Amino acid sequence: MSVLILTSEEDVTADMVVAELHAMGTPFLRLDPADVPDKVVLSAHYAHGDFDGHLSANGQVLSMEGLGAVWMRRPGEPAANAAHPSPWLTAEARQALFGMLFAANARWMNHPRNADRARLKPWQLRVAHLSGFAVPPTVFTTAPRLARQFAEEHREVVVKSASGPPPGDPGLSLPTTLIGPDADFSAVAAGPTLLQRYVPKRADIRLTCVGSRLFAARKTAAPDQVDGRYGDTEHAWEPVPVPERVSKSVDAYVALAGLAYAAFDFAEDEDGIWWFLECNQGGQFGFIELETGLPIAAAVALWLSQRKPLGHRQVEGAWGA
Amino acid sequence: MRPFTLNYALPTRLQPVVTPYHFDASLQLNVLSDGRPAVSDPELLMAVGTTTSTAGSQTHFDD
């Protein structure tokens, strides 16, 4: 069976998996939906009660009949790179490409339907609660009074964006920021605002789940550091074992979310508790693998190559488990 | 009125990223100027920073 990788050409993290697929001898096709129709040819046939389709790019051809798995890595908007792009062309290209792929009998990492839902932060928090994670108290509101009450109750809270920096403004970043109850909350009325109780942390944890395999890495935080993505802590990511309680919660979370891949962010407090911050269904793993040597790309390639999921949990850390 | 969250946005100093590799359609991955896959040089990838957790934040928000 073949693998389809949907991502941009410049995605070198995907290259790490491509190299593994080459080594395994697994046939695959890599393309960017943005390159439909100029560099990607597609054709789907619905006739005589049957369906078949083909995709072609980079001199390779993939049949829907032989498609085993699809990896949604960093795909562009369909037809975004077309000679004459338009919202209508994007809509048509999405219909053609994803309509064809959904009709195939393939496994997804991750299915777009589940991925869309899994991106929603308030939904994540609910599922995290149901899965047994420790979750900091959080409010997402357009009411200045409620935001102020939340900050007064918890004293130290962080404000963070649910969707990331404003698209189209590459000159802006939105790091998670610590604020106090004295902030002027009137502007909460101008847009939904996510406030969360601050968790004083001694380390950031990134746990990458690939099918039934877990890869956890830990980086010691700098004193008073709030957002682990910004600032040099002079510490490196190191592999760590996954506590059994967390492993069970990850199991529950990915089952509820329908995810084959997920990257969890935790804050480790002074008592060693891993507080759930978020789950990125398409989170980066390249930097973790490069710094720790955890074989995440190989696990992704193996999952994509297999026809059925692995049957049992395998936890991978510095000392196994 | 500016949304509350944007009050905490910071300007990012964007450095022009020159990636020392290019996409090879036949191998379906990026290669260095000498033809080796870019992933064969982990130190280079870490130096370029294209695999980090903020590398795709402008186009993909689930990093």
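The values are calculated or read from the model by the stated rules, or taken from the named source; none is laboratory data. Just so it is clear, the model here is predicted, and its values are computed rather than measured. Methodologically, a virtual Cβ is constructed for each residue, glycine included, from the backbone with ideal geometry; neighbour enumeration extends over all protein chains shown.
Residue by residue through the range A:1-16, note down the ones that are in a loop (DSSP other than H, G, I, E, B) and surrounded by 21 or more Cβ atoms within 10 Å (Cβ to Cβ).
Within the range A:1-16, A:8, A:9, A:11 qualify.
Would you mind stating whether residue A:113 is touching a Ser or Thr at 6+ places or on another chain (Cβ under 6 Å) and either surrounded by fewer than 17 Cβ atoms within 10 Å (Cβ to Cβ) or in contact (Cβ under 8 Å) with a residue 40 or more places away in the chain (or both)?
No; evaluated as a whole, the condition is false for this residue.
When you look at residue A:299, is it in contact with a Ser or Thr (Cβ under 7 Å, 6 or more places away or on another chain), crowded, with 16+ Cβ neighbours inside 10 Å and modelled with pLDDT of 95 or more, yes or no?
No: the conditions fail for residue A:299.
Is there a residue being under 29 Å from residue A:146 (Cα atoms), more than 9 Å from every other protein chain (Cβ to nearest Cβ), assigned to a strand (DSSP E or B) and at pLDDT 90 or above anywhere in the range A:180-192?
no
Can you tell me which residue in the range B:7-23 is modelled with the lowest pLDDT, limited to those that are within 9 Å of chain A (Cβ to nearest Cβ) and over 30 Å from residue A:192 (Cα atoms)?
Top of the filtered list is B:19.
Going through A:164, A:132 one at a time, which residue ends up being out of contact with any strand residue (DSSP E or B) (no Cβ under 7 Å at 6 or more places or on another chain), at pLDDT 95 or above and not charged (D, E, K, R)?
A:132
May I ask you to list the residues in the range A:123-166 that are more than 12 Å from chain B (Cβ to nearest Cβ), among the polar types (S, T, N, Q) and outside any strand (DSSP E or B)?
A:131, A:149
Scan the range B:1-30 residue by residue and report those that are closer than 17 Å to residue A:5 by Cβ and in contact with a helix residue (DSSP H, G or I) (Cβ under 7 Å, 6 or more places away or on another chain).
B:28, B:29, B:30
Could you tell me which of the residues A:19, A:57 is facing another protein chain (nearest Cβ under 9 Å), surrounded by fewer than 22 Cβ atoms within 10 Å (Cβ to Cβ) and in contact (Cβ under 8 Å) with a residue 60 or more places away in the chain?
Numbers: A:57 fails: in contact (Cβ under 8 Å) with a residue 60 or more places away in the chain.
When all the criteria are applied, what remains is A:19.
Any idea how many residues of the range A:80-122 are within 22 Å of residue A:212 (Cα to Cα) and part of a helix (DSSP H, G or I)?
Taking the range A:80-122 and keeping what is within 22 Å of residue A:212 (Cα to Cα), we get A:105-119.
With part of a helix (DSSP H, G or I) added as a condition, the list becomes A:112-118.
So the answer is 7.
Output the residues belonging to the range A:186-231 that are among the basic types (Lys, Arg), under 23 Å from residue B:8 (Cα atoms) and without any contact (Cβ under 8 Å) to a residue 60 or more places away in the chain.
Matches in the range A:186-231: A:229 only.
Search the range B:28-62 for residues being at pLDDT 60 or above and of a type in the set (D, E, K, R), and hand back the single one that is nearest to residue A:62 (Cα to Cα).
The extreme case among them is B:36.
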